[in-house]
Amino acid sequence: MPQSATVKLVVVQDYDPNWPVVFQSLRKRIAEALGDMAAAIEHVGSTAVPNLAAKPIIDIDVLLVSETMFPAAIGRLASVGYIHQGNLGVPEREAFLAPAGDPPHHLYVCPPRSAEFRRHLAFRNYLRAHPQDAQIYGDLKRALASQFREDRPGYINAKGEFVDELTSRAIRRTAE
C-alpha cells in the first residue's frame with residue numbers, strides 16, 4: 001500500500017453544532033452498556049467547546065464508580081463493539097477503539113480518582129469560560145494543521161506547550 005494511503009491527515013475544521021448531538025447519541029449507548037458502573041460520561045476535547053475549531057473527532061471520558069469494575073466495563077463495552085487498547089502510554093486512562101461505522105470518536109475509561117479525567121474537564125471548562133483563549137487555541141490549531149498536515153505526532157507536539165499552559169491555568173482556577 002502506498003505511504004499516502006496510510007497517512008491520517010490532520011484536519012481542523014470550524015465548530016459544528018452537531019458535535020454535541022453526536023456525543024449525546026454515543027453517550028446514550030455507552031450509558032446503557034455500562035449502567036451504574038459509570039459515575040460520569042463527559043464530552044471533552046475541542047468538539048465540546050462551542051465555536052472552537054477542532055478535528056472532527058468526539059472525545060469521550062467515562063469515570064468509573066470503582067476501579068474494580070474495570071474488567072466488567074471492558075466486557076460491557078465489547079458487547080457494543082468497542083475494543084480495549086490499553087492505556088496507550090497515558091496513566092489513569094484506558095483507550096477503546098470505536099465500533100466500525102460509528103462517527104469518529106475516542107473513548108477513554110478512567111478510574112474514580114483519575115488525574116487525567118480531572119485535567120480533561122478543567123481544560124474543557126476553562127475554554128468554555130474563556131472564549132478569547134479558545135479563539136487563540138483554534139487559530140493555533142488551524143496553523144499547525146496546515147504546517148503538520150501529514151504529521152499527527154508533530155501536530156500534537158507543536159500544540160503541547162500551549163495546551164499545557166492553559167491546562168495549568170485551568171487547574172489553578174479549579175483549585176481556587
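The values are calculated or read from the model by the stated rules, or taken from the named source; none is laboratory data. Just so you know, these numbers come straight off a predicted model, no measurement behind them. Quick reminder, even Gly has a Cβ in these numbers, built from the backbone with ideal geometry, and neighbours come from all protein chains shown.
Quick one: count up the residues across the stretch 97-115 that are over 16 Å from G45 (Cα atoms) and either aliphatic (A, V, I, L, M) or assigned to a strand (DSSP E or B) (or both). Lay out the reasoning, then the answer.
If we filter the stretch 97-115 for residues that are over 16 Å from G45 (Cα atoms), which is where we start, we get 97-102, 111-114.
Among the residues that remain, those that are also either aliphatic (A, V, I, L, M) or assigned to a strand (DSSP E or B) (or both) are: 97-98, 100.
Of the residues in that region, 3 qualify.
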H120 passes all but one of the listed conditions (1) part of a loop (DSSP other than H, G, I, E, B); (2) touching a Gly at 6+ places or on another chain (Cβ under 9 Å); (3) not small (G, A, S); the exception is number (1)
Filter the stretch 11-33 for residues that are of a type in the set (A, V, I, L, M, F, W, C), in contact (Cβ under 8 Å) with a residue 40 or more places away in the chain, under 29 Å from D139 (Cα atoms) and out of contact with any strand residue (DSSP E or B) (no Cβ under 7 Å at 6 or more places or on another chain) and give the result. V11
The stretch 1-18, subset over 21 Å from Q132 (Cα atoms) and not in a loop (DSSP other than H, G, I, E, B), residue modelled with the highest pLDDT: T6
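Just to be sure I understand, how many residues within the stretch 115-140 are of a type in the set (D, E) and closer than 11 Å to L166 by Cβ?
Residues that pass the stated criteria total 1.
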What pairs can you find where one residue is in the stretch 80-102 and without any contact (Cβ under 8 Å) to a residue 24 or more places away in the chain and at positive phi, the other is assigned to a strand (DSSP E or B) and not β-branched (V, I, T), and their Cβ atoms are less than 8 Å apart, with a gap of 6+ or different chains? G86/E94; G86/A95; L88/A95
How many of the residues making up the stretch 96-122 are out of contact with any strand residue (DSSP E or B) (no Cβ under 8 Å at 6 or more places or on another chain) and not basic (K, R)? 6
If I filter the stretch 82-93 for residues that are outside any loop (DSSP other than H, G, I, E, B), under 29 Å from A53 (Cβ atoms) and at pLDDT below 95, do I get at least one hit? no
Against the conditions (1) over 20 Å from N125 (Cβ atoms); (2) part of a helix (DSSP H, G or I); (3) among the charged types (D, E, K, R), where does R27 fall short? Just the number, please. (1)
Residues of the stretch 30-60 being in contact with a helix residue (DSSP H, G or I) (Cβ under 8 Å, 6 or more places away or on another chain) and part of a helix (DSSP H, G or I), in sequence order, are I30, A33, L34, G35, M37, S46, T47, A48
